[in-house]
Every structure is written in structure tokens, then in C-alpha cells.
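Asks: What follows is a single structure, and I will ask about it in a moment.
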Amino acid sequence: MTSVANWASQRRNSVRAGSSQRLTPTVEKNSDSDDDGSASTTSEDHAAFSPVPRDMLATIVILGADGNLSSKKILPTLYSLWRRRLLPRDVLVVGFARQDWTSERFRKHVFKCIYHPSMPQAERKEFQERCHYQSGQFNEPDKFRALLSLMAHEEARRYQERLRAPLFAARVAPTTQVRMYYMAVPPFLYADIARHLRVEAARLTADIDAAAAAAAVGAGAEQTAAAAPAPAGATTNGATAEASPTLAATAALPPPTPLRTEERFVLEKPFGRDTDSCAALLSQLQKQITEEEIYRIDHYLGKELVMNLLVLRFANVCFQGVWDRQHVKAVQVIFKEDFGTAGRGGYFDEYGIIRDVLQNHLLQVLALVAMEQPLSFSAEHIRAEKLKVLHACRPLSTDDVVTGQYAGYLDDPSVENKQSRTETFAAAVLHINNPRWAGVPFVLKAGKALTDSKAEVRVQFHAVPGAVSALASCAANELVIRVQPEELIYWKVNNKVPGLHFEVQQQRMDLLYSSKFFERKLPEAYERLLLEVLAADHSHFVSGEELVASWQIFTPALQALHASRRVPEVYPFGSRGPPSADALAHKYGITKFGGGLTPYVKKEVPPAPPAAHSSPMSVAKKRPSPKPSPKLGPATPPRATATTSTPTSATAVTVPPLPEPAILPVHVGAADAPPPLMPKPSEELPSLRPLDLSGA
Ligand code: BG6
């Protein structure tokens with residue numbers, strides 16, 4: 001716990017050091033006693049920490065506020081943070097979109113997005129009142145001007161209120177405000193939107209300054225006039241304004257404030273389709289905004305267990321010592337969904353799962369698993385180490401990737417191209433060419449319409465080298481980090497079954513979050529990431545360099561797959577995916593992608609009682625004869641050579657060709673997951689015989 005606490009405090013300090021927003025001398029706890037009485041909190045929320053000071057002046061602008069992302073994710077997330085007092089208390093939420101709505105109408109939309117019967121009505125109302133709206137097309141400069149003007153009016157009002165508020169009387173007046181622009185729009189619009197915002201903001205500021213200067217001159221003239229006798233027929237102020245078209249125009253201008261504005265742009269993927277399109281996007285954007293102002297969201301970086309990877313790895317000497325090619329046989333990063341495109345076929349069909357999930361979410365997780373210890377947990381140092389891993393990754397070869405498409409994908413009404421070759425499943429093996437990881441396959445596997453929904457990292461270790469014969473057939477250790485659902489970390493370790501007989505069985509040593517941290521709700525990835533944008537912390541956002549390096553890994557294979565017109569292998573909805581994935585696994589001496597490299601195999605027939613002095617290890621070595629199966633995928637995979645390494649030597653073991661696989665009763669018992677939610681796919685995809693590498 002101590003190291004975690006230190007880590008949190010180090011992060012907090014680095015965030016504070018990196019941020020120019022210093023409205024309060026210390027980061028306010030959210031358990032502070034607000035006198036606004038605006039939102040009720042639970043005891044769990046009182047314990048919560050937000051990296052954002054409550055008195056920060058923040059405006060959150062959602063571009064594309066009427067769309068899916070905004071309605072389903074951003075608005076509900078903002079509301080959830082708001083009601084738990086994790087957002088700044090005076091936050092403003094401003095929507096901009098094509099819909100011809102007023103702010104009043106937008107608030108009705110917000111209501112629908114955040115409605116939950118269990119939430120008190122008063123809280124919702126408070127939040128809705130903080131919401132404003134400006135309609136416009138994304139290519140209409142005057143609409144951006146109207147948006148900026150609306151924001152500036154509200155911000156000026158907020159600033160004045162802040163100065164008047166008794167809570168702040170004793171404090172230093174704020175000098176800075178933050179504007180966060182959330183781009184919930186397609187990426188080709190990013191650069192244009194940023195340009196309009198910048199150009200129109202500069203114009204508006206110039207107009208405000210000019211109006212302020214004119215007002216100062218006018219005030220001076222008025223004072224002079226007041227001293228002199230009034231000419232006949234002179235009118236009041238209103239008449240004077242009427243007479244001056246310039247003043248009439250400036251009457252709509254927001255009043256100036258002394259605040260400096262910091263801008264942050266939050267961008268959602270996809271960041272291009274390949275290296276070139278990504279580079280083009282980056283260079284267009286760089287003309288408008290700086291890298292420092294950009295926050296590229298990869299929401300997997302905001303997931304609790306993904307964030308924990310750095311603590312797990314670098315705060316535990318037991319992991320540090322075995323985190324290398326000498327001990328690790330394979331690393332798998334797995335993403336499964338038990339549903340299809342779920343109405344998102346229009347977007348998905350353009351991209352496919354390699355671009356949608358492997359190139360970003362899974363590769364980012366891989367980088368965290370494989371990187372060296374950073375100099376600190378600052379964004380700069382974390383990103384630098386991730387980048388080194390990405391640069392050390394060899395570009396994916398088409399021989400190392402299997403693609404599949406679930407049966408029924410083409411029937412999805414949102415998939416327009418009924419001949420689409422878009423992959424909904426991909427298993428890819430990457431190689432990191434550095435001294436720590438050379439020779440270790442890093443498997444990235446993702447699929448829709450599979451047996452169940454799960455995301456996890458599996459660090460699979462070598463079989464025990466030089467074990468006494470009684471232990472020679474033990475299953476290899478495995479460390480599993482379950483990102484979702486049911487956050488969990490477990491070790492699969494070999495253990496003697498208690499009793500008079502000698503039996504070794506693999507068991508799980510569990511750290512199940514819901515049983516250890518039951519008093520607190522795990523933050524949603526988006527909740528955390530939005531707060532981190534406000535806190536100016538880039539640690540969990542993807543840098544431009546990382547992005548380019550990620551595309552460089554996948555682009556050659558994506559282009560080759562496209563050029564060769566490779567047809568993804570069809571797999572049944574709710575299955576393990578295409579059988580070829582198993583063949584790819586065999587190439588690397590792995591039975592199948594997923595859990596258990598050398599699982600404990602239960603004999604179907606109970607063994608005869610052992611002779612008194614023999615070693616009755618109950619690990620089965622004999623398998624039923626393989627039966628030919630017409631449903632099998634590709635022909636018998638080629639002979640593979642696996643390498644098992646010991647701390648002192650590496651021995652090449654020739655793995656015999658795998659026979660036609662038979663369905664084996666694999667005892668996964670205590671060490672593995674409960675049965676899948678979907679019907680067992682074993683009829684289509686037989687389990688394969690585990691490779692016995694223990695003879696090394
Ligand atoms: C998104 C992908 O980035 O991540 C989706 O575009 C995918 O296709 C989703 O379903 C998965 O996110 P999560 O958090 O539900 O695992």
C-alpha cells in the first residue's frame with residue numbers, strides 16, 4: 001500500500017508541477033465542505049480523490065454534442081463526475097453540433113442522456129443548468145464565433161460571481177481558466193475545427209480589446225463633457241448608443257476578464273488508417289495546435305487494471321526478477337466480445353478489428369507490459385519508455401496474423417458492403433527485438449462474436465527447468481491480469497493436493513478486486529481520463545510519436561492483406577474464432593491462444609492405485625488417439641521448434657507435428673475460468689493436445 005500511496009503522491013506532484021493551473025495552494029480533497037449543497041455524495045465518494053481542484057475555472061466544450069459518443073459516453077460521464085463532486089464546482093458544459101437547438105432544447109437532450117430513475121431530480125437540474133448550446137455546421141466560421149462568444153459571456157459571468165462569492169473572498173483571485181474541447185466528431189474534421197476555433201478566438205479577443213479601448217476613450221470624453229455645459233438637444237446614453245453602429249455591435253461582445261485561457265483538445269480514434277494517413281492528420285493538426293495541447297484518448301489506458309500494470313511490475317521484486325525472456329514463454333493480450341458490431345457496422349466495416357482494437361488498445365497494453373522502468377511516473381518518462389518498446393517491435397508479418405469474420409456479419413443492416421472482407425477477429429504475433437524480450441511471442445488477439453466478453457493479459461512462463469521427475473509434467477505458471485469484467489489478478493501455481501497421496505495440481509492465487517476493494521467503486525476509464533485532461537496530465541494519453549510507431553508496426557501487414565485480397569475465415573457466432581488461430585499458436589509451441597500453456601489434464605478413467613513406492617503424479621501423459629474431424633481448419637500444422645530457456649542456457653526442443661486434434665477433457669478446475677457463457681464451441685473447434693516441453 002505504501003508504494004501505491006507514494007506513487008499516487010508522486011503523480012499528483014508531477015501533475016501539479018506540469019500544470020500552470022494553480023488556483024489553490026493544495027489540491028482540494030473532494031470531501032471538502034462545499035457550501036453550495038449542490039450534490040449529495042456517498043461515503044465512497046468522500047474518500048475519492050480527484051486530481052482537479054474544485055475551484056478550477058473550467059469550460060468543457062463538446063463538438064458533436066448531439067452524436068452517439070457524446071450522448072452515450074461523454075455527457076453521462078460528466079454528469080457522474082459532477083454529482084460526485086469530482087469536477088470543478090463552477091464547470092460549464094457547452095455543446096456545439098449541427099442540430100438546430102437552443103440551449104433549452106439541448107438541456108432536454110442532456111436530461112435524456114443522464115436520466116436514471118435512482119438519481120435525485122435536483123442533481124440533474126443543477127447539472128443541466130450548467131449546460132449551454134450553440135448550433136452550427138463545422139465549416140461555418142461565424143457559428144464558431146457565436147460559440148466562443150457564448151462561452152466568453154458565461155465565463156465572464158462565472159468570473160464575476162467567483163469574485164463575489166464569500167467562499168473565495170479570502171483567496172487570491174483566479175488568473176487562469178481552462179477550456180477543454182472534446183472532439184466527438186470524425187477525425188477528418190479535427191484540423192478544421194481547431195483552425196476555426198483559433199482564428200475566431202483571435203478575432204473575438206481583438207474585438208473585445210478594441211471595444212474596451214473605445215469604452216475607455218468614451219469614458220474619458222464623457223468626463224470632459226460632464227464638466228462642460230450640455231448642448232441643446234443632447235440625449236441620454238441610449239440615444240448615443242443608437243447613434244453609434246460600432247457601439248451597437250460591441251454591445252453583444254462579452255466583457256473582458258483578466259483570465260489567461262489554457263486550451264486542451266481531446267481527440268478520439270481512429271487516428272488515420274495507416275502510417276501515411278496518420279502522418280497527414282498529425283501534420284494538419286500541428287499547424288493549429290501544439291502536441292502539449294493534445295490529449296489522444298485510448299480508453300484502455302484509463303482502465304484500473306491497465307494502470308496497475310506499472311505498479312504490479314515495478315513495485316514487486318517478485319515480478320521484476322522473472323519479467324524477461326529467460327522466464328516468460330509468451331505474453332498474450334486478449335480482447336473478446338460476445339456480441340457483434342452492435343449497430344456500429346458503418347464505422348466498423350471501414351476499419352476492422354486490427355485498426356479498431358489491436359493497433360491501439362492492445363498495443364498500448366503490450367507496451368506497458370514490455371517497457372522498461374521509467375525514470376518517473378511522469379507522462380514524459382512513461383511515454384518515452386513505451387515508445388522504445390514500439391520502436392523495438394518488428395512490423396507484423398502476414399505469416400503471423402490470422403483474420404476471421406463471424407458468420408452473420410454481412411447480414412448486419414449497418415454493414416453496407418455485402419461482400420465486405422473486413423475482419424472481426426484477428427490474432428497476431430509480435431516480436432520485440434530487444435535483450436529482454438527477443439524470442440518471446442507477444443500475442444494480440446481480439447474478436448467480436450466470441451464465446452464471452454473479456455479483456456486480459458496472460459504472462460505465461462516456461463515450464464520449470466530441471467524439475468525432479470515427479471514434477472516434470474507440471475503445468476507452467478501463468479500470471480493473469482483480468483482487465484474486465486470482474487477485475488482480478490491471479491497466479492496459477494502448482495501445489496500439492498493436501499492428503500496422504502502425492503498429487504500436484506495447479507491452483508489460483510487470487511486478488512479479486514471485488515473482494516479486496518469492495519468498499520470502493522472502480523472509476524470508469526472515461527471518468528479518470530476526463531479528469532486527467534483537466535489536470536493537464538498526459539500520462540495516460542497517446543503521443544503523436546507513439547501513434548506513428550504503432551501504425552508502422554501494422555501498416556505493412558494491413559497493406560499486404562488488402563493487396564492479396566485475403567478473405568477472413570468465417571467462424572460461428574459465439575465460438576472461439578477461426579481454427580487457423582490455433583495453427584498460428586502451434587507455430588509458437590502454444591496449444592491454443594488463451595489460458596493454460598500446459599494445463600493439468602485430468603484422466604477420464606481414474607488411475608489404478610499406485611505401487612507403494614512409485615511416484616503417483618497424476619498428471620496425464622497419454623491422450624486418446626486423435627480422431628479425424630471434418631470440421632477441422634487447416635491441415636496439420638508444420639513442425640515447430642520451440643525454445644525453452646533456463647537462466648543459464650537455452651535449449652532448442654523439437655516439437656513433433658500435432659496430430660489431428662482430438663477433444664480432450666482438460667481439467668482447468670480451480671486454476672481456470674468458469675465455463676463460458678456461450679455454448680461450448682468444442683464441436684467446431686476441438687481442443688488441442690498440450691505440448692510437452694518438459695523434456696528439455
Ligand atoms: C472501442 C472499439 O474502442 O472499444 C469498440 O471501437 C469496442 O469496437 C470497445 O467494442 C471496447 O471497449 P470496452 O471498454 O467495452 O472494452
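The values are calculated or read from the model by the stated rules, or taken from the named source; none is laboratory data. On a predicted model such as this, the values are computed, not experimentally measured, just so you know. Quick reminder, even Gly has a Cβ in these numbers, built from the backbone with ideal geometry, and neighbours come from all protein chains shown. Accessible surface areas use protein heavy atoms only, side chains included; no ligands, DNA or RNA. Shrake-Rupley method; radii C 1.70, N 1.55, O 1.52, S 1.80 Å.
Asks: Of all the residues that make up region 360-369, how many are buried (at least 23 other Cβ atoms within 10 Å of the Cβ) and within 12 Å of the ligand (Cβ to nearest atom)?
Replies: Residues in region 360-369 being buried (at least 23 other Cβ atoms within 10 Å of the Cβ) and within 12 Å of the ligand (Cβ to nearest atom): 4 in total.
Asks: Which pairs do you get when a residue that is farther than 22 Å from F442 by Cβ, found in region 374-394, comes within reach of a residue that is open to solvent by 10 Å² or more (accessible area, probe 1.4 Å) and modelled with pLDDT under 95, reach meaning Cβ atoms under 6 angstrom, with the pair 6+ apart or on two chains?
Replies: Pairs that qualify, where the first residue is farther than 22 Å from F442 by Cβ and the partner is open to solvent by 10 Å² or more (accessible area, probe 1.4 Å) and modelled with pLDDT under 95, are F377/Q10; F377/R11; S378/S14.
Asks: Same structure again: Please go through region 540-574 and give me each residue that is among the acidic types (D, E) and in contact with a Gly (Cβ under 9 Å, 6 or more places away or on another chain), ordered by number.
Replies: Correct list: E569 only.
Asks: Please work out which residue is farthest from V357 (Cα to Cα), limiting yourself to region 266-314 and to residues that are within 16 Å of the ligand (Cβ to nearest atom), of a type in the set (A, V, I, L, M) and outside any helix (DSSP H, G or I).
Replies: Per the criteria, the residue is V266.
Asks: Still on this model: Looking at region 473-487, which of the residues that are more than 13 Å from V369 (Cα to Cα) and more than 16 Å from the ligand (Cβ to nearest atom) is most open to solvent (accessible area, probe 1.4 Å)?
Replies: Filtering region 473-487 for residues that are more than 13 Å from V369 (Cα to Cα) and more than 16 Å from the ligand (Cβ to nearest atom), the one most open to solvent (accessible area, probe 1.4 Å) comes out as N477.
Asks: Also: Would you check which residues across region 397-427 are crowded, with 24+ Cβ neighbours inside 10 Å and in a loop (DSSP other than H, G, I, E, B) and list them?
Replies: E423, T424
Asks: Scanning region 154-196 for residues that are out of contact with any Leu (no Cβ under 7 Å at 6 or more places or on another chain) and of a type in the set (A, V, I, L, M), which turns out least open to solvent (accessible area, probe 1.4 Å)?
Replies: Step by step, filter region 154-196, then rank; the result is A156.
Asks: Is it the case that region 156-170 has a residue that's in the same structural domain as E262 (by TED's automatic domain parsing) and within 32 Å of the chain's Cα centre (by Cα)?
Replies: no
Asks: May I ask you to verify whether S539 is touching a helix residue (DSSP H, G or I) at 6+ places or on another chain (Cβ under 9 Å), of a type in the set (S, T, Y), assigned to a loop (DSSP other than H, G, I, E, B) and closer than 30 Å to H431 by Cα?
Replies: yes
Asks: Still on this structure, I have one more. Taking V357 as the residue in question, decide whether it is within 16 Å of the ligand (Cβ to nearest atom), closer than 27 Å to H540 by Cβ and in a helix (DSSP H, G or I).
Replies: Yes, satisfied.
Asks: While we're on this one: Any chance you could count how many residues in region 327-339 are open to solvent by less than 20 Å² (accessible area, probe 1.4 Å), more than 16 Å from the chain's Cα centre (by Cα) and near the ligand (Cβ under 10 Å from one of its atoms)?
Replies: Looking only at that region, the number is 0.
Asks: Scan (1) within 11 Å of the ligand (Cβ to nearest atom); (2) free of Cβ contacts under 8 Å to residues at least 24 places away in the same chain for the single condition C318 breaks and write down its number.
Replies: (1)
Asks: So A560 passes all but one of these: (1) modelled with pLDDT under 95; (2) in the same structural domain as N494 (by TED's automatic domain parsing); (3) among the aliphatic types (A, V, I, L, M). Which condition number does it fail?
Replies: It fails just one condition, (1).
Asks: For region 386-396, give me the residue count where each residue is open to solvent by 50 Å² or more (accessible area, probe 1.4 Å), part of a helix (DSSP H, G or I) and not basic (K, R).
Replies: 1
Asks: Could I ask something else about it? Quick one: what pairs do we get from region 348-361, first residue over 15 Å from I334 (Cβ atoms), second among the aromatic types (F, W, Y) and more than 9 Å from the ligand (Cβ to nearest atom), C-beta under 6 Å, 6+ apart or different chains?
Replies: Q359/F554
Asks: Shifting gears a bit: So, F348, is that one buried (at least 18 other Cβ atoms within 10 Å of the Cβ), within 12 Å of the ligand (Cβ to nearest atom), closer than 30 Å to Y409 by Cα and assigned by TED's automatic domain parsing to the domain that holds Y409 or not? Steps first, please.
Replies: Numbers: buried (at least 18 other Cβ atoms within 10 Å of the Cβ): yes; within 12 Å of the ligand (Cβ to nearest atom): yes; closer than 30 Å to Y409 by Cα: yes; assigned by TED's automatic domain parsing to the domain that holds Y409: yes.
Considered against the rule, which asks whether it is buried (at least 18 other Cβ atoms within 10 Å of the Cβ), within 12 Å of the ligand (Cβ to nearest atom), closer than 30 Å to Y409 by Cα and assigned by TED's automatic domain parsing to the domain that holds Y409, F348 comes out as yes.
Asks: All but one of (1) at pLDDT 55 or above; (2) outside any helix (DSSP H, G or I) hold for A213, so report the exception by its number.
Replies: Every listed condition holds for A213 apart from (2).
Asks: Further, regarding this structure: Against the conditions (1) in a loop (DSSP other than H, G, I, E, B); (2) at pLDDT 95 or above; (3) away from the ligand (no atom under 16 Å from the Cβ), where does L430 fall short? Just the number, please.
Replies: Exception for L430: condition (1).
Asks: What number of residues within region 545-571 are open to solvent by less than 50 Å² (accessible area, probe 1.4 Å) and not in a helix (DSSP H, G or I)?
Replies: Adding up the residues that qualify gives 2.
Asks: Confirm whether R383 is in a helix (DSSP H, G or I), within 11 Å of the ligand (Cβ to nearest atom), open to solvent by 20 Å² or more (accessible area, probe 1.4 Å) and of a type outside the set (F, W, Y).
Replies: So R383 does not fit the description; no.
Asks: Also, I was wondering about something else. When both residues are 6+ apart or on different chains and their Cβ atoms are under 6 Å apart, which pairs have a first residue that lies in region 501-522 and is in contact (Cβ under 8 Å) with a residue 24 or more places away in the chain, and a second that is open to solvent by 60 Å² or more (accessible area, probe 1.4 Å) and β-branched (V, I, T)?
Replies: So the pair list comes out empty.
Asks: Could you identify the single residue in W101, W82 that is closer than 23 Å to K143 by Cβ and of a type in the set (F, W, Y)?
Replies: W101
Asks: Moving to a separate point now. Just one of K592, K622, K603 is assigned to a loop (DSSP other than H, G, I, E, B), closer than 23 Å to Q332 by Cβ and modelled with pLDDT under 95; which is it?
Replies: Details: K622 fails: closer than 23 Å to Q332 by Cβ; K603 fails: closer than 23 Å to Q332 by Cβ.
Exactly one of K592, K622, K603 is assigned to a loop (DSSP other than H, G, I, E, B), closer than 23 Å to Q332 by Cβ and modelled with pLDDT under 95, namely K592.
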